[in-house]
Amino acid sequence: MCAAAMTSNPQRKVALVIGNIEYTKCPLQNCVNDADDMSKALKTVGFLVVTKTNLIYEAMEKEIERFVKSIEKGDIVVFFFSGHGVQRKHQNYLIPCDDDRIQDLSDLKYRATNAQRALELMFNRDPFVIVYLLDCCRDYRLPNASSAKNMGRSAKGIAAMSAKAGMLIAFACAPGAIADDKSPNGCNGMFTYHLLPHITLPEEDIFMLLVNVTNGVVKDTKGKQIPYMTSALTQRGICLASFQKETMQSSISTNRQSPIFESTRIDQVDYHANIIEYELLYENRDSNEHDNHIRQGNVRQQSSINNILMEIKQQQIGTNEKVNKLYDLQINMNKNIQQLYELQVNMGK
């Protein structure tokens, strides 16, 4: 069982997802797709998600501040950023779309979002766990930098980040390396492409999830890109999606499927009953009259069983219809909860 599902009052799940592509000199192709797809995936497993794209510096800082204020004690927190990122003096900076305002590497402190600082602010809210996902190790040069020593290309990629208790930090590639903005589907970055199908897997331990993502990236890039993790998780079995009822939509899907599974089992019983009836009638049709009389009695009993099974199937169909209506109602409720959460975040709760 997932650690997140062990308590009677499951943790709330919140996420901030950002994707930037409209950079001044080095625009990207797939980061907005990454953000949109990640947002959809997280919502399907019960996260309250704020999704923002193509943010300038002030907007990025404001959205992170709002999100941090929305975090409550015991929350499961996911932060996802897809875009450009650079390192300077062991600090990582997430680059906003107005990167032409960064005249010098020393300007990063005032014109880009410090990834370590944002993580620290989230940690100070005392969440249950923070999953910090950075798909931002792409090749990048500051647009207004000259060839002087203190300007131009910063150190390659992203620097390693230390994790505090309850944190898991995942990078698209190893420290100092470069990530691929393209993947086999042509729509996502390589890291996000492999991350998306795993996010929604129920009961998938987050650490093992990222191990599987790493294997996929390494295979597709033939070892040229290797995702990197820093973990200080204090519990085993922490999952983003579970079969438990605390998820708002994934649990609904599970509940909706359950009657279908039951119906499948009933169909199988019905199928085997018909096989038995066939065998009773035709397997020994040359036997004596007494044996035929016994077999016919068995057939009548089997027909009664079949009638009962048919009644159960009819009841199951009615149950499926009711579950589908409940599913639709809960989907609408989830949309209202998502809208309320976004309103609260925008109000700076």
Among LYS52/LYS73; LYS43/LYS222; LYS13/LYS219; LYS62/LYS224; LYS43/LYS73, the pairs whose Cα-Cα distance exceeds 27 Å are LYS43/LYS222; LYS13/LYS219; LYS62/LYS224
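Can you pull a Stokes-Einstein diffusion coefficient for the stretch 64-135 at 20 °C (1.002 mPa s), Rh from Kirkwood over Cα pairs, as a whole number of µm²/s? The partial results should precede the final answer.
Details: Rh = 13.1 Å.
After rounding, the answer is 164 µm²/s.
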Given a 1.4 Å probe and heavy atoms of the protein chains only, how would you sort TYR57, TYR193, TYR110, largest accessible area at the top? TYR110, TYR193, TYR57
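The values are calculated or read from the model by the stated rules, or taken from the named source; none is laboratory data. Predicted model, so just to flag it, every value in this text is computed and none were measured. Note: areas computed on protein heavy atoms with side chains; ligands, DNA, RNA excluded. Shrake-Rupley method; radii C 1.70, N 1.55, O 1.52, S 1.80 Å.
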